[in-house]
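Q: Dropping the structure in here first, questions after.
The values are calculated or read from the model by the stated rules, or taken from the named source; none is laboratory data. Bear in mind the structure is a predicted one, so any value in this text is a computation, not a measurement. Here the Cβ positions follow ideal geometry from the backbone for every residue, glycine too, while neighbour counts run over all protein chains shown.
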Amino acid sequence: MTASAGAIGAPLLNDEPVPGASFLSLLETRGMQPVWAVDQASSHLELPEATTVLAVRFADGVVMAGDRRATAGNLIAHDRVKKVFAADSFSAVAISGSAGMAIELVKLFQTELEHYEKIEGTRLSLEGKANYLARMIRGHLPLAFQGLAVVPLFAGYDERAGTGKLFTYDVVGGRYEEQDYATTGSGGGVARSFLKGAFAEQLDKAAALRVAVEALIAAAEEDSATGGPDLRRGIFPNVVTVTAEGFAEIDDADLVGVAEAALENRP
Amino acid sequence: MTAPFYVPPEQLIKDRADFARKGISRGRPIIVMEYIDGVLLIGENPGGYLHKLGEIYDSIAFAGVGRFNEFETLRVGGIRYADLKGYSYGRRDVTAKGLANAYSQTIGQIFTHEVKPYEIEVFVAEIGDDASATRLFRIQFDGTLITADGFGAIGGGEEALGETLADQYEAGATLDTVISTAADAIEAVEERQVDDGDWEAAVLDRTLGRRRFRQVGPEEIGAARSAS
């Protein structure tokens, strides 16, 4: 990533072209946007990859969960990675793919949403946020072809419609709205199969948390790149909810019971 | 060809300052005042869609009086400054002091170099985890940067307001009390009553999470004023 530090203190006014309410455009006008210049040879780099994340719609909104493992080749690079983030107060974003770029992308996305909200005095619609994220993924297309893909999952509470909504993406920035549940990452296929059986309409919060954690355990059993809950070392999945009250992170202390029950439940 | 008129610099600065002062004194004032959990910003703003108060960053707020388009440009510039800095370094590295300095430089430059000086005054407030970390900065039309202690006023009648507040301000007051004190002071200076719905008010509140800026609605103002 390159950025010229001098531009941070650039004049307050008179930017050309005018960046409007977009933070990314502001970075571009000052030549500070994150840039990864990767040539063909370096596509064999074994960079940390973030793996399974999922989202499930329930009665009050959506629950989103991710395991904690990042792998580099056949090694476990990190075992306490955070993959699920608040995008703003009414939406969450989870990442899979090349971890370093994905985390920077999330930071940029978070800043973008807050920047827009402050300048315009109103939050973007959920649809608007989802579309903007697609645009950011599209910007990474050349890197995706070199094996450095970033594939997020986006979910939020639609304040107008009064329901939770889920969006998945592909590497070219294609945006797909999902009905009930969505997964991505190396263990995503297994998690999706699990959710197909376990999903029900109008799940309550406790049931939704259990289903989400159990789907991650199912993925961890089949996929070596996905880490299940580790009770001995105190590693629990990232689990968040987005409801009419907004974004909330579930504490590890509250997940102990959920993880224990889910592990008991497994065949 | 006729020679251009010679205008002495003293005269030039005085003319510009008089022009800016005249514009600002026509505008309605804003009071900024500390209370036990943070800082209150309040002013009269009938209609209320064109905001005079705004969130700049996690713990930093903005208030502007005078020409709307001019202080709005500064508000947006401040948000850009803050988000750019916070994104490049860290969230804690964005300070009101840095922002106030940037405003001061920009406004000062415009005052001497542009055809017309800005007819505005702005206030930058910042809170920290306790009252000792509160910072209040007032930036005048010519870029003069002044720090305030506990309270401050900008806009029309600001001198009279400053005197009233100096008598009435007490450290550690509740939000209800400072809302009443500030609203009463503005009504006294303007010599008329203001409807609850015609106020624009916001607080920086250290009991909130990361983003500590919150707007204060007419019901809350009405309740606060009838309580004290």
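Q: Test B:Gly77 against the stated conditions and say whether it is small (Gly, Ala, Ser), more than 25 Å from A:Met32 (Cα to Cα) and assigned to a helix (DSSP H, G or I).
A: Spelling it out, it is not the case that B:Gly77 is small (Gly, Ala, Ser), more than 25 Å from A:Met32 (Cα to Cα) and assigned to a helix (DSSP H, G or I).
Q: I've got another one for you. Go through segment A:124-171 residue by residue and tally those that are touching a residue at least 40 places away in the same chain (Cβ under 8 Å) and among the basic types (Lys, Arg).
A: Result for segment A:124-171: 2.
Q: If you don't mind, there's one more thing I want to ask. Which pairs do you get when a residue that is farther than 16 Å from A:Lys118 by Cα, found in segment B:210-225, comes within reach of a residue that is at pLDDT below 95, reach meaning Cβ atoms under 7 angstrom, with the pair 6+ apart or on two chains?
A: Close Cβ pairs (under 7 Å, with a partner that is at pLDDT below 95) amount to B:Pro218/B:Asp196; B:Pro218/B:Gly197; B:Ile221/B:Asp196; B:Gly222/B:Asp196.
Q: Counting only residues that are more than 10 Å from every other protein chain (Cβ to nearest Cβ) and without any contact (Cβ under 8 Å) to a residue 12 or more places away in the chain, which one in segment A:102-123 is nearest to A:Ser89 (Cα to Cα)?
A: A:Thr122
Q: Touching a strand residue (DSSP E or B) at 6+ places or on another chain (Cβ under 7 Å) and at pLDDT 95 or above: does that describe B:Gly155?
A: no
Q: Which numbered condition trips up B:Val178, out of (1) without any contact (Cβ under 8 Å) to a residue 60 or more places away in the chain; (2) surrounded by 20 or more Cβ atoms within 10 Å (Cβ to Cβ)?
A: Here B:Val178 meets the rest and fails (1).
Q: Let me ask something additional. Could you grab me the full set of residues in segment B:186-228 that are within 14 Å of chain A (Cβ to nearest Cβ), small (Gly, Ala, Ser) and part of a loop (DSSP other than H, G, I, E, B)?
A: Matches in segment B:186-228: B:Gly209 only.
Q: Can I ask one more? What single numbered condition from (1) surrounded by 20 or more Cβ atoms within 10 Å (Cβ to Cβ); (2) away from every other protein chain (no Cβ under 14 Å); (3) under 29 Å from B:Ser88 (Cβ atoms) fails to hold for A:Thr184?
A: Condition not satisfied by A:Thr184: (3).
Q: Can you name every residue in segment A:55-69 that is of a type outside the set (Lys, Arg) and surrounded by fewer than 24 Cβ atoms within 10 Å (Cβ to Cβ)?
A: A:Ala59, A:Asp60
Q: Please work out if A:Thr71 is over 14 Å from A:Tyr169 (Cβ atoms), over 12 Å from the mean Cα position of the chain (by Cα), within 13 Å of chain B (Cβ to nearest Cβ) and at pLDDT below 95.
A: Details: over 14 Å from A:Tyr169 (Cβ atoms): yes; over 12 Å from the mean Cα position of the chain (by Cα): yes; within 13 Å of chain B (Cβ to nearest Cβ): no; at pLDDT below 95: yes.
When the stated conditions are applied, A:Thr71 does not pass them.
Q: Being aromatic (Phe, Trp, Tyr), free of Cβ contacts under 8 Å to residues at least 60 places away in the same chain and either in a strand (DSSP E or B) or over 16 Å from B:Ala202 (Cβ atoms) (or both) is true for just one of B:Phe5, B:Phe19, B:Phe62. Which residue is that?
A: Among B:Phe5, B:Phe19, B:Phe62, only B:Phe5 is aromatic (Phe, Trp, Tyr), free of Cβ contacts under 8 Å to residues at least 60 places away in the same chain and either in a strand (DSSP E or B) or over 16 Å from B:Ala202 (Cβ atoms) (or both).
Q: Here's something else I'd like to know. Please enumerate the residues belonging to segment B:81-111 that are at the interface with chain A (Cβ under 7 Å from one of its Cβ atoms) and more than 18 Å from the chain's Cα centre (by Cα).
A: Residues satisfying the conditions are B:Asp83, B:Leu84, B:Lys85, B:Tyr87, B:Ser88.
Q: Which residues, taken from segment A:1-17, are facing chain B (nearest Cβ under 10 Å) and modelled with pLDDT of 65 or more?
A: Those that are facing chain B (nearest Cβ under 10 Å) and modelled with pLDDT of 65 or more: A:Leu12, A:Leu13.
Q: Out of segment B:39-53, which residues are in a strand (DSSP E or B) and surrounded by 24 or more Cβ atoms within 10 Å (Cβ to Cβ)?
A: Scanning segment B:39-53 gives B:Val39, B:Leu40, B:Leu41, B:Ile42, B:Gly43, B:Leu53.
Q: Another question about this same structure. Restricting attention to segment B:83-135, report how many residues are of a type in the set (A, V, I, L, M), touching a strand residue (DSSP E or B) at 6+ places or on another chain (Cβ under 8 Å) and closer than 30 Å to B:Phe19 by Cβ.
A: So the count comes out to 8.
Q: Could you go through segment B:7-22 and let me know if any residue there is of a type outside the set (A, V, I, L, M) and either closer than 29 Å to B:Tyr169 by Cα or in contact with a Phe, Trp or Tyr (Cβ under 6 Å, 6 or more places away or on another chain) (or both).
A: Checking segment B:7-22: at least one residue is of a type outside the set (A, V, I, L, M) and either closer than 29 Å to B:Tyr169 by Cα or in contact with a Phe, Trp or Tyr (Cβ under 6 Å, 6 or more places away or on another chain) (or both).
Q: Could you list all residues from segment A:224-267 that are among the aromatic types (Phe, Trp, Tyr) and more than 19 Å from A:Val81 (Cβ to Cβ)?
A: Here is the first cut: in segment A:224-267, the residues among the aromatic types (Phe, Trp, Tyr) are A:236, A:247.
Result: A:Phe247, single match.
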